[in-house]
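The next block holds one structure in the form of structure tokens; read it before the comments.
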Amino acid sequence: MVTKAITPVPADSPESRRYNRIKRWLELADMAIGFALLVVLLATGWTGTLRDLALGEHNGAARSYSVAVFFYVLMLMLISKALGTPLEYYGFRLEHRYNLSNQRFSSWLWDELKSLLLGLIMASIVVELLYMLMRQSPQHWWLIAWAAFLGLVVLLAQLAPVVLFPIFYKFEPLENEELKRRLIVLSERAGTRVRGVYKWHLSEKSKKANAALTGLGATRRIILADTLLDNYSDDEIEAVLAHELGHHVHRHILKSIFVQAGITLLGFWLADYVLTYAVYRRHMFASFHDFANLPLLILVSTVLSLLLMPALNAYSRFNERQADRYCFQSVASVEPFISSMNKLAEQNLAEKTPARWVEWLLHSHPAIAKRVAAAEGWAQTH
Ligand SMILES: [Zn+2]
């Protein structure tokens, strides 16, 4: 029986306040630039100019439809990358200024290039599919697109830990026998099995620590950053593992995919509605499959996800609290959980007590002060 009084949370340092405020402004600026680009393309009709360029009709050698779609996507991505890169570079400098990064400029540049290429490949697949469906089935394209998109989401969730993450980071199976033993005990108590625990070589790029449950089915695994493995006690790492196992036991990845399925169905329906209006009422585009309307589709999905962000973050915080409670139940004492939370906040320069509106609007995890208080409350009642 623990009867320790709940410890007051020390106020966040001015440094952490400043760092997080700048990060929020960066995110806002990034969003504003993306939004402005879409609106300008639509309002000025420059999206039509891009489409004509993509079709290549000006020099008499018209390209095929699908090649033109690819060229349009390529131009749109290059423009948005050119507009967004200064901010991303500022973000890279910011991490160094607050001594949170180990990444060299050349490595950052290489990552930028890789993410541009990866983005281009994925966007091309999605957009080609979308306009092919619009051409073949202008009535039901949005329903078929939704089903296809869902398949893609499931496939990506499966592939992410084995194909996508390794493009940017090295992973290897965890060697620590003591931690492996503890995980097996935790898993057996949960009546479940996680396929593996992997060491995530995050320290090549960052001083921050992190852990996550990723993958689906056969690729389901817990990944632990080396920055965590090297600086936290076995008890603290066990608490982190127990939290991640909580996500697994409560099937949070699968549930999130279901939530996403509902939202994308709404999104595709809305896109169809807005396109119908733009094509038949306003005559902004010749047809549904006039791919100059792509900025309008992106705008619809951007506005929708912006509106839903507070609700989705609230849902995520609910899941995190559930995983935390699972952790409290499965470990011998909540003390290592509390100390790991405090260490994480310090190491990542996270705000333990963010403003209420910040947490409500932007945070996928409950404030660290609240997570610590929940752990202390648990210890007092159990
Ligand atoms: Zn979590």
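The values are calculated or read from the model by the stated rules, or taken from the named source; none is laboratory data. A quick note: this is a predicted structure, and the numbers were derived from the prediction, not measured. With ideal geometry, Cβ positions are generated from the backbone for all residues, glycine too; neighbour counts draw on all protein chains shown. Side chains are part of the model used for accessible areas, which takes the heavy atoms of the whole protein and leaves out ligands, DNA and RNA. Shrake-Rupley method; radii C 1.70, N 1.55, O 1.52, S 1.80 Å.
Of all the numbered requirements in (1) part of a helix (DSSP H, G or I); (2) of a type outside the set (D, E, K, R); (3) open to solvent by 30 Å² or more (accessible area, probe 1.4 Å), N99 misses one, and that requirement is (1).
Of the set (1) within 24 Å of the chain's Cα centre (by Cα); (2) closer than 20 Å to S333 by Cβ; (3) at pLDDT 95 or above, all apply to L245 but (3). The single condition among (1) surrounded by fewer than 19 Cβ atoms within 10 Å (Cβ to Cβ); (2) under 22 Å from the mean Cα position of the chain (by Cα) that W200 does not meet is (1). Just one of (1) open to solvent by 40 Å² or more (accessible area, probe 1.4 Å); (2) hydroxyl-bearing (S, T, Y); (3) under 30 Å from G48 (Cα atoms) fails for S333. It is (3).
Of the residues making up segment 245-259, those that are touching a residue at least 60 places away in the same chain (Cβ under 8 Å), within 11 Å of the ligand (Cβ to nearest atom) and closer than 14 Å to S187 by Cα are L245, G246, H247, H250. Residues considered: A242, A225, A212. Of these, the only one that is within 16 Å of the ligand (Cβ to nearest atom), of a type in the set (A, V, I, L, M, F, W, C), closer than 26 Å to N99 by Cα and open to solvent by less than 20 Å² (accessible area, probe 1.4 Å) is A225.
Of the residues making up segment 207-219, one or more are modelled with pLDDT of 95 or more, more than 15 Å from S340 (Cβ to Cβ) and either within 20 Å of the chain's Cα centre (by Cα) or not in a helix (DSSP H, G or I) (or both).
Scanning segment 186-203 for residues that are farther than 18 Å from P161 by Cα, of a type outside the set (S, T, N, Q) and more than 16 Å from the ligand (Cβ to nearest atom) returns E188, R189, G191. Select from segment 22-36 the residues that are in contact (Cβ under 8 Å) with a residue 60 or more places away in the chain, under 24 Å from L50 (Cβ atoms) and either surrounded by 15 or more Cβ atoms within 10 Å (Cβ to Cβ) or more than 16 Å from the chain's Cα centre (by Cα) (or both) and list them in ascending order. Correct list: G34, F35.
Based on this model, can you work out whether I237 counts as of a type in the set (A, V, I, L, M) and either more than 16 Å from the ligand (Cβ to nearest atom) or open to solvent by 40 Å² or more (accessible area, probe 1.4 Å) (or both)?
For I237, the condition - of a type in the set (A, V, I, L, M) and either more than 16 Å from the ligand (Cβ to nearest atom) or open to solvent by 40 Å² or more (accessible area, probe 1.4 Å) (or both) - is not met.
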